[in-house]
Amino acid sequence: AQSVTQPDIHITVSEGASLELRCNYSYGATPYLFWYVQSPGQGLQLLLKYFSGDTLVQGIKGFEAEFKRSQSSFNLRKPSVHWSDAAEYFCAVPQGGGYNKLIFGAGTRLAVHP
Amino acid sequence: GAGVSQSPRYKVAKRGQDVALRCDPISGHVSLFWYQQALGQGPEFLTYFQNEAQLDKSGLPSDRFFAERPEGSVSTLKIQRTQQEDSAVYLCASSAKSRYTGELFFGEGSRLTVL
């Protein structure tokens, strides 16, 4: 069965520092992979998605993620974090069925120190 | 507005009461989803509509949960005889197409607290 694991519950970084959020997946075939962000008081928003092709995917707000099949990982990165990036980040995979039914990880809460 | 709208944003219910949560998806969006997000957890799938048809209700935790989308736009999630374990944020999401795209547009959620 498909599943997603986000090993880090909380991460704190200083503003301007680099960021990497980890995501490991279990998927029966070539995976589709997603990162969503949930900012305080807002709905979840799609940051980026991987369907196929180039393993380095660019998203919105300066985020990128790299798909590594050998490690079953899809880690999210940002070179320089801004205070407004403080939020909760969710990795997700499809559950199958041909429609947008997603399985989400438990999330990583990011705090940014000034 | 142009986004997914949910109401009420906050609901406090006494155990045993019935509640109804409303979702207004983005206009024209074919697909509508309900998710449940418990404290400290990721969203978990409850049910899926394609237009007015409920094609997947495999995530509904019990027969106390019922969802409808009678005209293919607004949807209501109803929880009967609420229990404390029903306390969670209920998220509604829509997408433009019925086929798989991976992109869902989420509302801000309805936070239900059952006392």
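Points to keep in mind about this one:
- Between the stretch B:1-45 and the stretch B:63-103, the alpha-carbon center distance in angstrom: 6 Å
- Label-point gap, in nm, between B:LYS97 and A:SER18 - each point 7 angstrom along Cα→Cβ: 3.5 nm
- Basic side chains Lys and Arg get +1 at the Cβ, acidic Asp and Glu get -1 at the Cβ, and with that the dipole of the stretch B:5-97 about its Cα centre reaches some 280 debye.
- Modelled spin-label separation between A:ALA29 and B:GLN17, with each label point placed 7 Å from Cα along the Cα-to-Cβ direction: 4.6 nm.
- Accessible surface of chain A, 1.4 Å probe, proportion on carbon and sulfur as whole %: 49 percent
- Counted charge near A:TYR27, where neighbours are those whose Cβ lies closer than 15 Å (Asp, Glu -1; Lys, Arg +1): +4
- Placing unit charges on the Cβ atoms of the charged side chains and taking the dipole of chain A about its Cα centre, the candidate lying farthest along the positive direction among A:SER39, A:ALA65, A:ALA29 is A:ALA29.
- For A:ASN75, the shell of other residues with beta-carbons less than 9 Å away shows a net charge of +1, using +1 for Lys and Arg and -1 for Asp and Glu.
- With R₀ fixed at 35 Å, the C-beta to C-beta distance from B:THR76 to A:SER70 puts the FRET efficiency at about 0.15.
- For A:TYR32, the accessible surface of its heavy atoms amounts to roughly 80 Å² (probe 1.4 Å, protein chains only, rounded to the nearest 10).
- Solvent-accessible area buried by pairing B with A, both sides, nearest 100 square angstrom, 1.4 angstrom probe: 1900 Å²
- Measuring r between the beta carbons of A:SER3 and B:THR113 and using R0 = 30 Å, the FRET efficiency lands at 0.55.
- Cα→Cβ-extended label distance, 7 Å offset, between A:ALA111 and A:SER84, nm: 2.3 nm
- All other residues whose Cβ lies under 9 angstrom from that of A:VAL112 are scored, Lys and Arg at +1 and Asp and Glu at -1, for a net of -2.
- Nearest-20 debye value, the protein assembly as shown charge dipole, Cβ charges on Lys, Arg, Asp, Glu: 260 debye
- Think of a 1.4 Å ball rolled over the protein heavy atoms: chain B then has 49 Å² of accessible area per residue.
- Average Cα contact separation per residue, the stretch B:5-97, under 8 Å, 6 or more apart, as relative contact order %: 38 percent
- Placing +1 on each Lys and Arg Cβ and -1 on each Asp and Glu Cβ, with no other charges, gives the stretch B:1-59 a dipole about its Cα centre of roughly 340 debye.
- Counting, for every residue in B:103-109, the Cβ atoms of other protein chains within 10 Å of its Cβ and taking the mean gives 6.
The values are calculated or read from the model by the stated rules, or taken from the named source; none is laboratory data. Note that the coordinates shown come from a computational prediction; the quantities given were computed from them, not determined experimentally. Neighbour counts run over all protein chains shown; Cβ positions are idealised from the backbone, glycine included. Just so you know, the surface numbers come from the protein's heavy atoms only, side chains and all, with ligands and any DNA or RNA stripped out. Shrake-Rupley method; radii C 1.70, N 1.55, O 1.52, S 1.80 Å.
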